[in-house]
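*Asks:* Okay, here's the structure, questions in a sec.
The values are calculated or read from the model by the stated rules, or taken from the named source; none is laboratory data. Owing to the predicted nature of the structure, the values given are computational and were not obtained by experimental measurement. Here the Cβ positions follow ideal geometry from the backbone for every residue, glycine too, while neighbour counts run over all protein chains shown.
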């Protein structure tokens, strides 16, 4: 008697994803059946849900479990990235509530959407199959399109949502086409099987299908992580989207993009490393330089940070081009510290801005340093960290990224990287110039630091400073995480 | 007291914590507490001075693990020798003076100012005591932040331009140095070095091409800081705009970071490359001496004049260091301290009259000696010290530098540099004459008050040091001498190597050549070989860098020598 064989599925690797999805759906229901007005409790529930998920994820450290026939894996690499996503999401939730109230778009769907986006990112980090990665990517992207256009009454937000959607789907097309070509060349979508088949090929770099597929996938991911020359959407989307969502998009999805990119290229395509690291070399230089040079000329602070986030993707690509343990551990460390420092900086921007996203120019920070000294010090710490000045986490991150490149022998890449870093100091300093060295034009009396925002800022400052002074606390985990690749 | 070095370095940070609890309106308390903290730091540093034994070893060592991740191991590895000892003492000595000078000069945002001063002190001390290259880099960068804010917040009219220029200039240099540090580390790793500890890198054998690239990166960072012509343009801006205490610290200590960097890192780490570039750096130093003196002469702003005189003085220091002999380096080290004292004093003096008149233009003054006799006396002594009059500290340093450099391969450079001594006398005495003598015709100047007790108190320790070091420099030289001798012997070994290598490369080592250079006494003024033989040697134009292609070129340069 024939039986339909149902594979035994181990659910452990995706427990956090399941938990978060269920939580998000429950939140949706609560939102529907609760009266309008105050939505703060949704933020609190989401925050504690995220903390609980983080505990769940943390408990999986050290495990190595494959499931769903090898299309999903729970390993340290995935765990490290999942933590990064959760931290980004947790900080975002904390800074969202007050902002949404001020902008009068406090719809309860915001929090479930953030949670769904995190589920997508987690799948991207733990996916070991082209399809899983793609599914995760789509879950993340679709929710992000909505989040970018979340402020329905604001034209710029609408524009951001639509632009992100159009360009995002376009890039998804590229990626899918690339995956199809890889499947065509190897006959499988499992990453480790692809690697095995490539290992048997005599000259994989001569296989047009493979190389074209690799390049197309790289193009798709370059869109997602905002690498030049595929970065055009970034400034407009970052500027138009509600600021907490900008903060989230600059940290979470970028990390997720790198997670999938690293898994894909280091696990499935190591045989083509010579080829793709050359492409990444060029991509990294372009991305850093374009991001930094354009950021120099911006006046709107969200645009400054948008271009700077392009540049930061470039720094991370330096580590990826190196492709060795130092560089890849550097990416993990950098993505985590970038979440702290960048969301922290955005939290200050939210506080300083007025209703309708006004008061968002660099010059509007004039005199903040002595009117609101604590906020200004926090901002200073974030900015110095972004500029890569010790003793902040941003410095250690860049150190490992560039050191990876030097170890690999890409001295010039490292030199271009540090010169970029020096140039970037200029626009970060410019914000500090306004905060400390210009006379105040305002009293900043509207700046209200609520308890959740305070918590977010404390976490962000701690996350920026502690790994800067004692980097081993994070670095050792980052290194254990990349060991498997 | 085994941790006295750490204690000295981090006492100011404790002071910062203390300041945080003092309300920002009690300015008097803030000033006094800061002064007390710097004074205590100075007294603690005297323990180091008295406990320091005059030998070539590093002392007061502390070495604990700090970061260990991946290929990198960084340690909190500190210690001082005779070279860094005096710079540490100079720093702790200048700080209370600088703080005292701000009592009436800084009226706004006093708390923040004091915090910046204390953070700066920790940064500077940390850089001088670090024996871990990475730790040094951290302190080196951390120093930038408080200085940036000091210039930018409390500075003059063009403060923002000056502050940003200062920051970006220094950052470009130091980041390139960082690349070199990492590269050096990986080179060291191949040779079995397991952490960033500086001393073990001294024995690392590097081929000449690698040395040249690494030396260039280090030298560039330090040259910006010194600053050497033509990278000096940030200095007059920073000095002119910085508040008095900022200028004092900048001149007295911060600029020494650059020259110290050469003595501690660039030269002993890459001795052969240092020899190769000695003529170039000496040329730049001499250009700096002459050029800065000429520019100083035509300045209308007293502070700018003093700033340019700094460039000239540090040119002398560089000349002394690159003489590679005991006299030259001793002179350079002494001159570093002298410059700290006399230029620091000059900036204080400029600060005094600026506080009274809110102008620094030479033409606004004249005949002040009639109105301010004490001020005039002090100004004159400091001017003499800056000019290098015998009996003052400036003379000893300059004399040793010129002596050392004249006996080295840099003889002709020395001849030109000596004219800088005369030029410095010209511009310093001329400015003194214009400010102090002549008719007291400006009615505003006729009401000026002479120095008060606090101002005299600030100047007295500096005056004492000017005469003490000028008349009896022995205790200073005695403590630094063994360390300098060790440095010279490190570099001298390399000097022989440096002469062998180009010969080996060009003519595949004919018989007798190595013998010849061995017979040649080390430090012999070998003018012919230094400038001519080298440029074409190991580094052709468009050299592809430190990547793989460089290796095969470098190998023949070293192998014949190693085989020998």
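*Asks:* In region A:104-140, which residues are buried (at least 22 other Cβ atoms within 10 Å of the Cβ) and either under 17 Å from residue A:240 (Cα atoms) or without any contact (Cβ under 8 Å) to a residue 12 or more places away in the chain (or both)?
*Replies:* Once the filter is applied, which keeps residues that are buried (at least 22 other Cβ atoms within 10 Å of the Cβ) and either under 17 Å from residue A:240 (Cα atoms) or without any contact (Cβ under 8 Å) to a residue 12 or more places away in the chain (or both), region A:104-140 yields only A:110.
*Asks:* Condition first: within 13 Å of chain B (Cβ to nearest Cβ) and within 16 Å of residue A:352 (Cα to Cα). Can you find one or more residues in region A:383-403 that meet it?
*Replies:* Within region A:383-403 (the criterion being within 13 Å of chain B (Cβ to nearest Cβ) and within 16 Å of residue A:352 (Cα to Cα)), the answer is yes, since at least one residue qualifies.
*Asks:* Which one of the conditions (1) within 26 Å of residue B:63 (Cβ to Cβ); (2) in a helix (DSSP H, G or I); (3) in contact (Cβ under 8 Å) with a residue 40 or more places away in the chain does residue B:2 fail to meet, given that it meets all the rest?
*Replies:* Condition not satisfied by residue B:2: (2).
*Asks:* Taking residue A:430 as meeting all but one of (1) at the interface with chain B (Cβ under 9 Å from one of its Cβ atoms); (2) farther than 27 Å from residue A:289 by Cβ; (3) in contact (Cβ under 8 Å) with a residue 60 or more places away in the chain, write down the number of the exception.
*Replies:* So residue A:430 meets the others, but not (2).
*Asks:* Quick one: which residue in A:346, A:340, A:365, A:444 is more than 10 Å from chain B (Cβ to nearest Cβ), at pLDDT below 90 and surrounded by 22 or more Cβ atoms within 10 Å (Cβ to Cβ)? Don't jump to the end; show me each part of the working.
*Replies:* Values: A:346 fails: at pLDDT below 90; A:340 fails: at pLDDT below 90; A:444 fails: surrounded by 22 or more Cβ atoms within 10 Å (Cβ to Cβ).
Of A:346, A:340, A:365, A:444, the one residue that is more than 10 Å from chain B (Cβ to nearest Cβ), at pLDDT below 90 and surrounded by 22 or more Cβ atoms within 10 Å (Cβ to Cβ) is A:365.
*Asks:* Name the residues in region A:407-427 that are under 18 Å from residue A:323 (Cα atoms) and either facing chain B (nearest Cβ under 7 Å) or part of a helix (DSSP H, G or I) (or both), would you?
*Replies:* Looking only at region A:407-427, we keep the residues that are under 18 Å from residue A:323 (Cα atoms), and these are A:407-417.
Once the filter is applied, which keeps residues that are under 18 Å from residue A:323 (Cα atoms) and either facing chain B (nearest Cβ under 7 Å) or part of a helix (DSSP H, G or I) (or both), region A:407-427 yields A:407, A:408, A:409, A:411, A:412, A:413, A:414, A:415, A:416, A:417.
*Asks:* Restrict the check to region B:347-356 and report whether at least one residue is in contact (Cβ under 8 Å) with a residue 40 or more places away in the chain and over 30 Å from residue B:106 (Cβ atoms).
*Replies:* no
*Asks:* Further question on the same structure: Just a yes or no: is a residue in region B:206-215 within 12 Å of chain A (Cβ to nearest Cβ), in contact with a helix residue (DSSP H, G or I) (Cβ under 9 Å, 6 or more places away or on another chain) and within 28 Å of residue B:111 (Cα to Cα)?
*Replies:* no
*Asks:* Still on this structure: Among the residues of region B:47-66, what is the count of those that are free of Cβ contacts under 8 Å to residues at least 40 places away in the same chain and part of a helix (DSSP H, G or I)?
*Replies:* Number satisfying all stated conditions: 1.
*Asks:* Right, something else. Of the numbered conditions (1) within 28 Å of residue A:200 (Cα to Cα); (2) modelled with pLDDT of 90 or more; (3) buried (at least 24 other Cβ atoms within 10 Å of the Cβ), residue A:268 fails exactly one; give the number of that condition.
*Replies:* (2)
*Asks:* Same structure again: Among the residues of region A:450-473, is there at least one that is facing chain B (nearest Cβ under 8 Å), assigned to a helix (DSSP H, G or I) and over 18 Å from residue A:370 (Cα atoms)?
*Replies:* Yes: region A:450-473 contains one or more residues that are facing chain B (nearest Cβ under 8 Å), assigned to a helix (DSSP H, G or I) and over 18 Å from residue A:370 (Cα atoms).
*Asks:* Would it be correct to say that residue B:137 is within 14 Å of chain A (Cβ to nearest Cβ), more than 22 Å from the chain's Cα centre (by Cα) and modelled with pLDDT of 85 or more?
*Replies:* Spelling it out, it is not the case that residue B:137 is within 14 Å of chain A (Cβ to nearest Cβ), more than 22 Å from the chain's Cα centre (by Cα) and modelled with pLDDT of 85 or more.
*Asks:* Then there is this: Might you check whether a residue that is at pLDDT 90 or above, under 19 Å from residue A:262 (Cα atoms) and surrounded by fewer than 24 Cβ atoms within 10 Å (Cβ to Cβ) occurs anywhere in region A:142-151?
*Replies:* No, the conditions are met nowhere in region A:142-151.
*Asks:* Please indicate, with yes or no, whether at least one residue in region B:174-183 is within 30 Å of residue B:105 (Cβ to Cβ) and either within 11 Å of another protein chain (Cβ to nearest Cβ) or crowded, with 23+ Cβ neighbours inside 10 Å (or both).
*Replies:* Yes: one or more hits.
*Asks:* Moving on. From A:13, A:35, grab the single residue that is within 18 Å of residue A:79 (Cβ to Cβ), modelled with pLDDT under 90 and either within 22 Å of the chain's Cα centre (by Cα) or surrounded by fewer than 17 Cβ atoms within 10 Å (Cβ to Cβ) (or both).
*Replies:* Details: A:35 fails: within 18 Å of residue A:79 (Cβ to Cβ).
When all the criteria are applied, what remains is A:13.
*Asks:* Before we move on, is residue A:248 closer than 30 Å to residue A:326 by Cβ and modelled with pLDDT under 90?
*Replies:* Answer is no for this residue.
*Asks:* Provide a single number: the residues in region A:368-382 that are at pLDDT below 90, surrounded by 24 or more Cβ atoms within 10 Å (Cβ to Cβ) and either in contact with a strand residue (DSSP E or B) (Cβ under 8 Å, 6 or more places away or on another chain) or more than 12 Å from chain B (Cβ to nearest Cβ) (or both).
*Replies:* Summing the residues that are at pLDDT below 90, surrounded by 24 or more Cβ atoms within 10 Å (Cβ to Cβ) and either in contact with a strand residue (DSSP E or B) (Cβ under 8 Å, 6 or more places away or on another chain) or more than 12 Å from chain B (Cβ to nearest Cβ) (or both) in region A:368-382 gives 1.
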